[in-house]
Amino acid sequence: MAKDMNIGALRTNCFRQSKVKGEYMLQMRVPAGLIEAKYLGFVQHLATTYGDGTFHFGSRQCFAIPGIKYENIDKVNKELKDYLEDIEVAQCGVDMDTSAGFPTIGARNIMACIGGIHCIKANINTQEIAKKIEKEVFPSHYHIKVAVAGCPNDCAKGHFNDFGIVGLTKPIYDPDLCIGCGSCVKACESHATRVLSMVNNRIEKEACCCVGCGECTLVCPTNAMRRSPKPFYRILIGGRTGKQYPRMGKTFADFLSEEAVLAIIKNWQAFSADVLKGQPRYLHGGHLLDMAGYEKFKEMMLKNVTLNPEARIAENVYFAETEYRGRIHVKPVK
């Protein structure tokens, strides 16, 4: 496992060096971006005792506490033990040593929208699956960014992560309950992909282009159109921001079961180790995908994965990058 390797100069904990000499910023993981409010008191304690009295809600939903002196890092790490036992071990089932703080910064905090615990559009409980993913990717020195969205609105911005997990549904239509009001057709026209139509006072669907959003289920007055009993998932891959060539991710798999999603994510460590020859580097997952090629990526990520009957896998992916410097991919032949 990568977490057991000597990685030299790579950052091995969640402290990042500041512009101010001798000061660091602690990045406290908050898997899925949701914790009990009681931990705010702990954040305040760390910020006022060891930091500069402030904290930042990190762009990846972590608590970022700046102003920590280098000589206080060991003290902070010791104070993190109870937090790690609660958040990482008890809630996420992570196998880790909690005696010396966060062991790595490689796998970044897993983001999630509020999901099914609040949002009516959500098809999944984003926190539950995010915590299960946390167990598969942390701790690891291999860099990975994951975001979980409750529906194809993608409020969590999974399109700009190495892996974007999106909650889907396969709406169930009961013609005996349908009164032909057309509300679902209008919802699909205005909010989704216009796959529904009214034929002889009944609903027909172009199944090929349904994105699984469930907008139709929200407006049906008779429950003739309703969400499927079990949720499904989409996996987006290769998204990234950055100064050189940012791009949106593309669909790798559609209508996966939760078991299939977790099995695929579990293969990320082996894929990363293979591409990087066992030497972790700070590279986006999209770069590793580019280095390996899609066919190898698909082969390794689907290894020993049992796909549910509804699952669909992309035959290929075609990225559209923003090239700030023209012709970046045109290089001399070696």
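The values are calculated or read from the model by the stated rules, or taken from the named source; none is laboratory data. Quantities reported herein were computed from a predicted structural model and do not represent experimental measurements. Because the Cβ atoms are built from the backbone with ideal geometry, glycine has one as well, and the counts that use them run over all protein chains shown. Each accessible area value is taken on the protein alone, full model and side chains, heavy atoms only, with ligands, DNA and RNA left out. Shrake-Rupley method; radii C 1.70, N 1.55, O 1.52, S 1.80 Å.
At a glance:
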{"item": "Relative contact order of the chain, defined on C-alpha pairs under 8 angstrom at six or more residues apart (%)", "result": "14 percent"}
{"item": "Given charges at beta-carbon only (K, R positive; D, E negative), |dipole| of region 1-137 in Debye", "result": "480 debye"}
{"item": "Contact order normalised by residue count of region 106-180, Cα under 8 Å, 6+ apart, percent", "result": "32 percent"}
{"item": "Approximate shape of region 1-122 as ellipsoid semi-axes (Cα gyration tensor, √5λ), whole Å, largest first", "result": "24, 19, 14"}
{"item": "Calculated FRET value between Cys209 and Thr49, using beta carbons and R₀ = 41 Å, to 0.05", "result": "0.15"}
{"item": "Descending Cα extents along the principal axes, the chain, whole Å", "result": "75, 58, 38"}
{"item": "Within straight-line cross-link reach of Lys75, lysines at Cα separation under 29 Å, skipping those fewer than 8 residues along the same chain", "result": "Lys3, Lys19, Lys21, Lys38, Lys131, Lys135, Lys145"}
{"item": "Among Phe57, Phe232, Phe255, residue whose mean-square fluctuation peaks in a GNM of the chain (springs only between Cα atoms under 10 Å)", "result": "Phe57"}
{"item": "Overall form of region 238-313 per C-alpha gyration tensor (a/c, 1.5; a/b vs b/c)", "result": "oblate"}
{"item": "Residues in region 88-118 reached by a label modelled at Leu34 [backbone nitrogen below 20 Å; 7 Å Cα→Cβ]", "result": "88-94, 109-118"}
{"item": "Peptide ranges 184-190, 239-245, 18-24, 144-150 listed from the most packed, as the mean C-beta count within 10 angstrom indicates", "result": "144-150, 184-190, 239-245, 18-24"}
{"item": "Hz values of 3J(HN,Hα) by residue in region 13-27 - Karplus curve (6.51, -1.76, 1.60), Gly and Pro given as x", "result": "8, 9, 9, 10, 5, 9, 5, 7, 4, x, 10, 9, 10, 7, 10"}
{"item": "Carbon and sulfur %, accessible surface of region 63-164 computed with the full protein complex present, 1.4 Å", "result": "51 percent"}
{"item": "Dipole-positive endmost among Ser197, Cys92, Gly51 within the chain (Cβ charges, Cα centre)", "result": "Gly51"}
{"item": "Anchor Lys243: aspartates and glutamates whose Cα lies under 13 Å away (excluding residues fewer than 8 positions away in-chain)", "result": "Glu321, Glu323"}
{"item": "For region 213-334, with +1 on Lys and Arg beta carbons and -1 on Asp and Glu, the positive-most of Gly214, Met225, Met300 along the dipole", "result": "Met300"}
{"item": "Inter-part distance where region 162-203 and region 23-66 are each reduced to a Cα centre, Å", "result": "42 Å"}
{"item": "Set of lysines near Lys186 by C-alpha distance (under 23 Å), chain-local residues within fewer than 8 positions excluded", "result": "Lys121, Lys170, Lys205"}
